[in-house]
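So the structure is just underneath, and the comments pick up after that.
The values are calculated or read from the model by the stated rules, or taken from the named source; none is laboratory data. Since the model is a prediction, treat every value here as computed from it, not as a measurement. Methodologically, a virtual Cβ is constructed for each residue, glycine included, from the backbone with ideal geometry; neighbour enumeration extends over all protein chains shown. Quick note on the areas: whole protein, heavy atoms, side chains included, nothing else; ligands and nucleic acids left out. Shrake-Rupley method; radii C 1.70, N 1.55, O 1.52, S 1.80 Å.
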Amino acid sequence: MSTRILITGATSGMGYQLAVDYLQAGHVVYAAGRNQQALNKLGRLGAVSICVDLTDYHQVMQVFGDIDALDIVICCAGVCHYIDITPDTSVSEPSGCNFGFDGQKIMHTINTNLSTLVFTLEAVLPALTKAQGRVVALGSASAYVPFARAEGYGSSKAAIHYLMQTLQISLKPLGVNVSLAIPGFVETPMTDHNNFIMPFLQTPKQASLAIRQGIKNHQQIIAFPKQLTVPLKTLGILPNSVWQFVSSKLYANR
């Protein structure tokens, strides 16, 4: 029997690969995103394509509110912007010498990554409750330990970790299951701009397989690859001086 699946951020990266893989397995896929060309490709594969700005509350409530029942919702939409703080006071900034600290860029990253998730959750909760379904959100291994340059991205992912793990408790009485996917580095258009070493880099196919297997096995936490996520999680519980030393070395070698 086919499963009814909504995927946000389905027009790029992990979201796109998940949509393709679920379609090829014969499931009903609602693919949501802003890239119309990618949506057209998914539509030709059989997806129900939904062009929507996921940061627009009213759009999200309107387009997702019409879906009757959903077995799985996978929230993949998000952005990543790094900032570079420098002690060089000669660096000219639009608002004066702020040492590269860009509050607007940080808040854009946080607002985008959180709003696309929470707006979707509000809109689809009735459909998930009706089907006694599962919602999955993408966190990040970067939330385990603080990394310089990822102040905005890491903060947004840490918030998503807290939110989803809280919802594992609060949505249980409704019969809605909650999973948090915690990927390491995945080869996507987002990571194409990274100018540093990305250990244990995964392909979108590897990431899709890990997430789909985690969902099939009813995992609340889907962390992969273990070679990266386990050491980072371990670092996160060590004294501050340890992970600060590691992070500073990575920042210096960027």
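The residue of the range 210-231 that is nearest to Ile74 (Cα to Cα), among those that are open to solvent by 60 Å² or more (accessible area, probe 1.4 Å) and in a helix (DSSP H, G or I), is Arg212. Scanning the range 128-148 for residues that are assigned to a helix (DSSP H, G or I), buried (at least 18 other Cβ atoms within 10 Å of the Cβ) and out of contact with any strand residue (DSSP E or B) (no Cβ under 8 Å at 6 or more places or on another chain) returns a single hit, Ser142. Can you say whether Thr3 is in contact with a strand residue (DSSP E or B) (Cβ under 8 Å, 6 or more places away or on another chain) and either of a type in the set (Asp, Glu) or surrounded by 24 or more Cβ atoms within 10 Å (Cβ to Cβ) (or both), as far as the supplied structure shows? No, not satisfied.
Cys76 meets all of the listed conditions (1) closer than 27 Å to Lys105 by Cα; (2) in contact (Cβ under 8 Å) with a residue 12 or more places away in the chain; (3) surrounded by fewer than 23 Cβ atoms within 10 Å (Cβ to Cβ) but one, namely (3). In this structure, Phe99 does satisfy being open to solvent by 10 Å² or more (accessible area, probe 1.4 Å), under 30 Å from Pro239 (Cβ atoms) and in contact with a Pro (Cβ under 9 Å, 6 or more places away or on another chain). Residue count for the range 149-171, restricted to those that are in contact with a Ser or Thr (Cβ under 6 Å, 6 or more places away or on another chain) and in a loop (DSSP other than H, G, I, E, B): 1. Restricting the range 149-163 to residues that are modelled with pLDDT of 95 or more and in contact with a Gly (Cβ under 9 Å, 6 or more places away or on another chain) leaves a set whose member that is most open to solvent (accessible area, probe 1.4 Å) is Ala158. Here is a check on your reading of the model: is Met198 in contact with a helix residue (DSSP H, G or I) (Cβ under 9 Å, 6 or more places away or on another chain), open to solvent by 30 Å² or more (accessible area, probe 1.4 Å) and free of Cβ contacts under 8 Å to residues at least 24 places away in the same chain? When the stated conditions are applied, Met198 passes them.
Out of all the residues in the range 23-36, which are open to solvent by 10 Å² or more (accessible area, probe 1.4 Å) and under 18 Å from the mean Cα position of the chain (by Cα)? Walk me through how you get there before you give the answer.
Applying the first criterion (open to solvent by 10 Å² or more (accessible area, probe 1.4 Å)) to the range 23-36 yields 23-28, 30, 34-36.
Across the range 23-36, the qualifying residues are Tyr30, Arg34, Asn35.
Restricting attention to the range 164-189 and to residues that are among the hydrophobic types (A, V, I, L, M, F, W, C) and under 18 Å from Val79 (Cα atoms), the residue that is surrounded by the fewest Cβ atoms within 10 Å (Cβ to Cβ) turns out to be Phe185.
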